[in-house]
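Just below is one structure, and these are the notes that go with it.
Where a number appears in this text, it was derived from the coordinates with a stated rule and is not lab data. Just so you know, these numbers come straight off a predicted model, no measurement behind them. Heads up, the Cβs are rebuilt from the backbone with ideal geometry, glycines too, and the neighbour counts pull from every protein chain shown.
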Amino acid sequence: MVLSIWNERVAGIRAKYQHLRTVVLVKSEDLLELAIFEFDTELYPTESFTWTWNKNKNLEGHHTKTGTHCFTWQPSGSQFTIIKDVPKKKLALRLRQPPLLDREDVLQALAFDPSWVQIIP
């Protein structure tokens, strides 16, 4: 059922646009390292996957022949995840940690006036 919904949506978009790609952004926990890659958005044959519930009450789709975990559907948040390996050929970025801004300098640069704020009792 989950793949049927996915396939229906992909087919609907493909009816209007010939090329359809999915872009993935992978972020480190500190948000200073990023990787970006893309892949063709495809239709998945429903008969090629089996589905089981995991311990977190999410549905996992595994490829019938290889047993590879390919999808996770989280019904609580209606989130559908397609599991892909991050390719070696990707855009990878490392950001320098910006310095903290001084609050008083920012308020002065904005020409902050305390009359902009009213405390409501």
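Here the calculated FRET efficiency for ALA92 and ILE119, from their Cβ-Cβ distance with R0 = 35 Å, stands at 0.15, rounded to the nearest 0.05.
If you plug the beta carbon distance of ALA35 and ARG103 into 1/(1 + (r/R0)^6) with R0 = 35 Å, you get a FRET efficiency near 0.55. In percent, rounded to a whole number, the relative contact order of region 2-115 is 20, using alpha-carbon pairs under 8 Å and six or more apart.
Exposure proxy for TYR44, TYR17: other Cβ atoms within 10 Å of each Cβ, ordered fewest to most, give TYR17, TYR44. For the chain, the longest principal axis of the C-alpha atoms and the axis of helix 2-14 are separated by about 80°. As a proxy for reagent exposure, ranking VAL10, VAL106 by other Cβ atoms within 10 Å from fewest up yields VAL106, VAL10.
Going from the fewest other Cβ atoms within 10 Å to the most, the residues VAL2, VAL23 appear in the order VAL23, VAL2. In the set (1) -0.64, -0.82, -1.01; (2) -0.80, -0.95, -1.09; (3) -0.86, -1.00, -1.17, the label that goes with log10 I(q)/I(0) by the Debye sum over Cα atoms at q = 0.15, 0.17, 0.19 Å⁻¹ computed for this structure is (3).
For the chain: lysine pairs with Cα atoms under 17 Å, gap of 8 or more or different chains, count? The result is 4.
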